[in-house]
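A.B. asks: First, the structure itself, so that you have it in front of you.
Quick note: the coordinates plus some simple rules give every number you see, no bench work behind them. These numbers were taken from a predicted model, which means no experiment stands behind them. Positions of Cβ are backbone-derived with ideal geometry, glycine not excepted, and every protein chain shown enters the neighbour counts.
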Amino acid sequence: MNAKTRTKTKTSNATRKDLSKEDALRMYTQMVRIRTFEDNANQLYLAGKMQGLTHMYSGEEAVAVGICEALNDNDRITSTHRGHGHCVAKGANYKEMFCELLGKEEGYCRGKGGSMHIADQSHGNLGANAIVGGSMGIATGSALRAKLLGQDDVTVCFFGDGATAQGLLYEVMNMAALWNLPVIYACENNGYSEYTKTEEIAAGSITARAEAFGIEAFSIDGQDVLGVNELSRKLVARCRNGEGPFFVELMTYRYHGHHVGDINREYYRSKKEEADWKENRDPIIRFRGWLVEQGIATEEEIETLNEQIKQDAKEAVAYAEAAAYPDAAEVDMHVYAETDTATLQAGN
Amino acid sequence: MREITLSQAVNEALAEEMRRDPTTFILGEDVAEAGTPFKVLSGLVEEFGTERVIDTPISEPGFVGLAVGAALTGARPIVDLMFGDFIYLVMDQLCNQAAKQQYMSGGKLSVPMVLRTNLGATRRSGAQHSQSLHVLVAHIPGLKVALPSSAYEAKGLMKTAIRDNNPVVIIEDKLMYQDKAPVPEEEYLIPFGEANIKREGTDITLIGTSSMVQVAEAAAKILEAEGISAEVIDPRTIVPLDEETLLKSVRKTSRAIVIDEGHQNYGITGEIASRLNEKAFYYLDAPVLRMGAMDVPVPFSPVLEDLTVPTPEGVAENARRLCAGEMIHAA
Ligand SMILES: Cc1ncc(C[n+]2csc(CCOP(=O)(O)OP(=O)(O)O)c2C)c(N)n1
Ligand SMILES: [Mg+2]
């Protein structure tokens, strides 16, 4: 972790008066849905039922959920190669997601996107992106569109610590700051880009880079869903009020390897370090404790909820496994969008 | 009919479409008050304001990325890339981000944006301001590529590009900005994928793109004086390509030269020639000849630069030899 990073907001597990019981339970549910989704995706991969490249979000749930719970369906996000968590948090269904991961016709993208390109337009998820940093322009452009067309939605751009090395970030932050765009840059600092520690690839402070553009920047505990959500709500409201952009660095950790095939990783990351994050800072365990402590849910209720989610996942996986692949005729469909021929006539 | 310059034609197309659709806007370097270094956009900011004619920092990947995001979420951005040579800087945004959204999303996301830029050597601008790089984008499924060859095409194709629901790269010949051509006052659009037969002929087909349409026409005039009848065709869009019109012509003339200002190696000329060979082989009396720009970086020295692009005399010479039954091959 970058020791030099300043912490502007307190990480709070304190009471949140603006948070209803339903909101709190939904945040918990969404975090468990992400973890459960990833457990199943991992199994599908290990069992040889899922092909290709996939990156697990487990461990980082509080980031996606804390932020997305501050957004509505009209707000947009751009996601990354580690995108299942963002997709679930923004409201996607298990069934279409598992279908997409398995390349099935009923997937969100008819199987053409896969894990690294899953998009769910119905909930404002503009899509995962397999180019590290590739969606920074898209997110900022979405915010530019909102401003130009007088729409009040906010766009959140998720990216990793490794992506801060892409020049695109600095080009678009400059424009976002010049034009006060309603975009929040959410840097998920999980300490690594692939097999390299962040401190080896990032000079100076990450937040200071945003501050250099006059962008208000925060560095917070990404394992504390309440803290993440509290800050996100404030920043989203300020964005809607024309005060954007903002930059948030969220200190977090990925439990799995960089991708599902990254099993033996002690050469770059110790088991001790992994155990420390899992045992002492897990966002789900922490929030569960808070829910019980606050009397929002009993241990029993939480267990029931967990079981229900497991069951949902199981059913969705079974559904996706049995679902049909796209017809071969689809291979050259959707290369170009249709344009209504009437639109192309003079006088129209 | 009135005559206006290619520059005015582009300007008119943009103004008309921006009046028609409030979700359109222009984004690029020095596009507002300056109206671009080529002055193509002069006056637009007065009508549409700096909100819709937006001066950006010198951040090509950044502002092309912004256009992709704006297009994905309901606007119709028109990006101005000052020189075609800068397309290398924006390849990820164009080819990985814009081009694939429709496909990767299974038809759910679309990117209705226009990237307008230019091509063309012999302006003494050196190797990094003279390239004709349309082949790079033409190679990528999901992008459409239009190459206007006169003011008339520039206007009609631009209007179609803006209304099309896909990312369209429209590349103007920067040496033609001041060239005048008849352009109707009434509104018109030129559909994509419809080649234009500029001149009918019976002995040989000269297929020229963009700047090379004029070269082909001039060559046809030279040939006419010698009794060789050349048909000149301008595909107008290379993606989509109107193969039918080209094939029909070649089946009639049984000879063809493809002329394009991009480098000859692995170029547009090779692609079109190969399609003609595949689909009209048994009608041909001679191999289809490619004439692209020389495979060298564009030199500054005017004497050298002029050697790198096809000329009317060069095209006429090759046509003459093909018609005489000589076995020749591309340089
Ligand atoms: C432009 C580009 N370069 C390299 C890669 C290969 N790659 C995939 S993920 C990754 C690391 C990204 O690290 P970070 O941004 O911190 O995200 P994390 O994986 O930690 O979530 C790399 C180098 C890529 N996909 N795109
Ligand atoms: Mg990382």
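A.B. asks: Strictly greater than 31 Å: what percent of every Cα pair in chain A meets that?
C.D. replies: Result for the distance tail: 33 percent.
A.B. asks: Per 10 Å bin, what is the whole-percent P(r) computed from every C-alpha pair distance within the stretch B:3-182?
C.D. replies: 10, 41, 38, 9, 0
A.B. asks: How much FRET efficiency would the formula 1/(1 + (r/R0)^6) give for B:M1 and B:K279, where r is the Cβ-Cβ distance and R0 is 45 Å, rounded to 0.05?
C.D. replies: 0.80
A.B. asks: Determine by what factor the alpha-carbon radius of gyration of chain B differs from 2.2 N^0.38 Å, reporting the quotient.
C.D. replies: Normalised by 2.2 N^0.38 Å, the Cα Rg of chain B equals 0.98.
A.B. asks: Here's a follow-up. For a quick check: with amide H placed at 1.01 Å from N, whose amide H comes under 5 Å from B:K198's, ignoring anything fewer than 5 positions away on the same chain?
C.D. replies: B:V232, B:I233, B:D234
A.B. asks: Please work out the FRET efficiency for the pair A:K272 and A:K21, using the Cβ-Cβ distance as r and a Förster radius of 51 Å; give the result to the nearest 0.05.
C.D. replies: 0.85
A.B. asks: Starting at the first residue of the stretch B:148-161, write each ³J(HN,Hα) from the Karplus equation 6.51 cos²θ - 1.76 cosθ + 1.60 with θ = phi - 60°, in whole Hz, x for Gly and Pro.
C.D. replies: Taking θ as phi minus 60°, the curve returns x, 10, 6, 4, 4, 5, 4, 6, x, 6, 4, 5, 5, 4 Hz for the stretch B:148-161.
A.B. asks: Can you tell me the convex hull volume per residue for the protein assembly as shown, based on C-alpha atoms, in Å³ to the nearest whole number?
C.D. replies: Normalising the Cα hull of the protein assembly as shown by residue number yields 171 Å³.
A.B. asks: Roughly how many debye, to the nearest 20, is the charge dipole of chain A about its Cα centre, given +1 on each Lys and Arg Cβ, -1 on each Asp and Glu Cβ, and no other charges?
C.D. replies: 840 debye
A.B. asks: Okay, next question. Let me check against my output: what whole-number percent is the relative contact order of chain A, with C-alpha pairs under 8 Å and at least 6 apart?
C.D. replies: For chain A, the relative contact order is 24 percent.
A.B. asks: Work the Kirkwood hydrodynamic radius out for the stretch B:178-314: mean of 1/r over every pair of different alpha-carbon atoms, inverted, in Å.
C.D. replies: Result for the stretch B:178-314, one decimal place: 15.6 Å.
A.B. asks: Further question on the same structure: Based on the Kirkwood radius over alpha-carbon pairs, what is the Stokes-Einstein translational diffusion coefficient of the stretch B:141-208 at 4 °C with 1.567 mPa s viscosity, in µm²/s?
C.D. replies: Using the Kirkwood radius from Cα pairs, D works out to 96 µm²/s.
A.B. asks: Counting each DSSP H run of 4 or more residues in the protein assembly as shown as -39500 (n - 2.57), what helix-only mean residue ellipticity at 222 nm follows after dividing by all residues, to the nearest 500 deg cm²/dmol?
C.D. replies: -11500 deg cm²/dmol, from helical runs alone.
A.B. asks: If amide H atoms are built 1.01 Å from N in the plane of the peptide, which residues on other chains or at least 5 residues away come under 5 Å of the amide H of B:L115?
C.D. replies: Distant-sequence amide H within range of B:L115: B:V79, B:V168, B:V169, B:I170.
A.B. asks: Taking the DSSP beta bridges in the protein assembly as shown as the whole, what percent of them are antiparallel, to the nearest 5?
C.D. replies: Taking every DSSP beta bridge with both residues in the protein assembly as shown, the antiparallel ones total about 15 percent.
A.B. asks: Would you kindly derive the ³J(HN,Hα) couplings of the stretch B:220-228 from the backbone phi angles with the Karplus curve 6.51 cos²θ - 1.76 cosθ + 1.60 (θ = phi - 60°), listing them in order in whole Hz, with x for Gly and Pro?
C.D. replies: Ordered by residue, 3J(HN,Hα) equals 4, 5, 4, 5, 4, 4, 9, x, 9 Hz.
A.B. asks: Using a basic spin-label model with each label point 7 Å from the Cα along Cα→Cβ, how many nm lie between B:Q178 and A:E299?
C.D. replies: Taking the simple label geometry, B:Q178 and A:E299 are separated by 8.6 nm.
A.B. asks: Then there is this: Amide H to amide H, which residues 5 or more places from B:D173 or on other chains are under 5 Å from it, using H placed in the peptide plane?
C.D. replies: HN-HN under 5 Å from B:D173: B:L119.
A.B. asks: For B:R321 and A:Y325, what is the calculated FRET efficiency with R₀ set at 60 Å and r taken between the beta-carbons, to the nearest 0.05?
C.D. replies: My answer for the efficiency is 0.65.
A.B. asks: Let me ask another. Among DSSP bridges having both ends in chain A, what percentage is antiparallel? Round to the nearest 5.
C.D. replies: Within chain A, antiparallel bridges account for around 10 percent of the total.
A.B. asks: Now for a separate question. Can you tally the net charge around B:I259? Count Lys and Arg as +1, Asp and Glu as -1, for every other residue whose Cβ sits under 12 Å from the Cβ of B:I259.
C.D. replies: -3
A.B. asks: Compute the signed sum of charges (Lys and Arg +1, Asp and Glu -1) over the other residues within less than 12 Å, Cβ to Cβ, of A:E188.
C.D. replies: Residues close to A:E188 contribute a combined charge of -2.
A.B. asks: Please report the antiparallel percentage of DSSP beta bridges with both residues in the stretch B:3-182, rounded to the nearest 5.
C.D. replies: Once the DSSP bridges in the stretch B:3-182 are tallied, antiparallel ones form about 15 percent.
A.B. asks: Can I ask one more? Please identify the GluC sites (Glu not before Pro) of the stretch B:234-331 that satisfy two criteria: DSSP loop assignment and at most 16 other Cβ atoms within 10 Å. Which are they?
C.D. replies: Hits after loop and neighbour filter: B:E326.
A.B. asks: Within 10 Å of each Cβ of A:105-115, how many other protein chain Cβ atoms are there on average?
C.D. replies: 3
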